[in-house]
Amino acid sequence: MKSNNETQVNDNWAAIGIGAMIVFISLILVAAVASAVIVQTAEKLQQNAQRTGDDTSDELSGKISIQSAFVQNGGQYVFYVRLGAGSDAINTVDISYQLFCAAGYETNQLAQANVQLQSAAGFAGGVTQLTIQNAYKIMITPGTCTAAAVAAASPPQSTLYLHVESGGTTYETLTVNNAADGSPVI
C-alpha cells in the first residue's frame, strides 16, 4: 500500500480569493457611486436644456416682425406687422411699446382700437388677438416722440421696442426724414 507523505505547504489560494473578492466588491461599489453621479448630472443637464429650450421657444414664438412703417395724421406712426414664424396667438393687451427719442421717452400698452387687420380700412373696431395667418397694422400715437419732434432732431431717429408679455421683444430704429403723412420711417 502506498502512503501519501505530503506535508502541508502553506496554502495561500484561499487568501488570494478572498482579497480578489473584496477588491471586486469595492469596484462594484465605486462603479455604482460613479454611475449615480453621472445619471444625476445627466438629469440636471437635461432639465436645464429643456428649460432653456422652452424659454427660447417662448421668446421666438411670441415675437412681432415689423414689415414697414409710415407717418400718419401729422405725427402718429402706423406699423405693418406680422407675427414671427411659429408664433402662438397674441392678445392685443399683451403688447406694449417703448419709444425713445431726443425729446424724451414714453411707454404704453396697445389698446384694441390701435390694432387692425392690414386689409381693413382705418382702425374702427380693432382686433383683440393677433394670429399667424393675418397681417396687421398697429397705430402708435406718441405724446413726446411725434414725427415732427423726431424729424427736427439731429439725427432724426427714434428707437422703438415692441414687447410681448411672456414673449419676445422687437427692436427697430425709426428714421423720420419727413414728418408729412405717408412718409416712411423704416
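The values are calculated or read from the model by the stated rules, or taken from the named source; none is laboratory data. Computed from a prediction, not measured in an experiment: that's the story for all the values here. Because the Cβ atoms are built from the backbone with ideal geometry, glycine has one as well, and the counts that use them run over all protein chains shown. To get the accessible areas, we keep the full protein, side chains included, count just its heavy atoms, and leave off ligands, DNA and RNA. Shrake-Rupley method; radii C 1.70, N 1.55, O 1.52, S 1.80 Å.
Would you kindly find the accessible area of Asp54, with a 1.4 Å probe and non-protein molecules such as ligands, DNA and RNA excluded, rounding to the nearest 10 Å²? Accessible area, nearest 10 Å²: 70 Å². Extending 7 Å from Cα along the Cβ direction at Ala113 and again at Ile132 yields two label points whose distance is 3.3 nm. Applying 0.36 nm per residue to the separation of Ile22 and Ala153 and subtracting their alpha-carbon distance, the gain on full extension is 38.8 nm. In the distance distribution for the stretch 99-186, Cα-Cα pairs more than 20 Å apart total 41 percent.
Principal-axis analysis of the Cα atoms of the chain puts helix 13-61 at an angle of about 10° to the longest axis. Given the alternatives (1) 21.3; (2) 15.6; (3) 13.7, mean projected area of the Cα convex hull in nm² as computed for this entry is given by (1). Can you give me the solvent accessible area of Ile140 with a 1.4 Å probe, rounded to the nearest 10 Å²? Spelled out: Ile140, probe radius 1.4 Å, area about 0 Å². From a point 7 Å beyond the Cα of Ser166 in the direction of its Cβ, which residues of the stretch 86-123 have a backbone N at a distance under 12 Å? Flagged as within label range: 88-91, 94.
Any idea what diffusion coefficient the stretch 28-116 gets from Stokes-Einstein, in µm²/s, Kirkwood Rh on alpha carbon pairs, 37 °C, 0.692 mPa s?
189
For the stretch 38-186, the solvent-accessible area works out to 53 Å² per residue, with a probe of 1.4 Å and every protein chain left in place.
Apolar share of the accessible surface for the chain: 56 percent from carbon plus sulfur atoms, 1.4 Å probe.
The accessible-area ordering, largest first, of the residues Met139, Met21 stands as Met21, Met139, per a 1.4 angstrom probe.
Within the full protein context, the accessible area of Glu43 is estimated at about 110 Å² for a probe radius of 1.4 Å.
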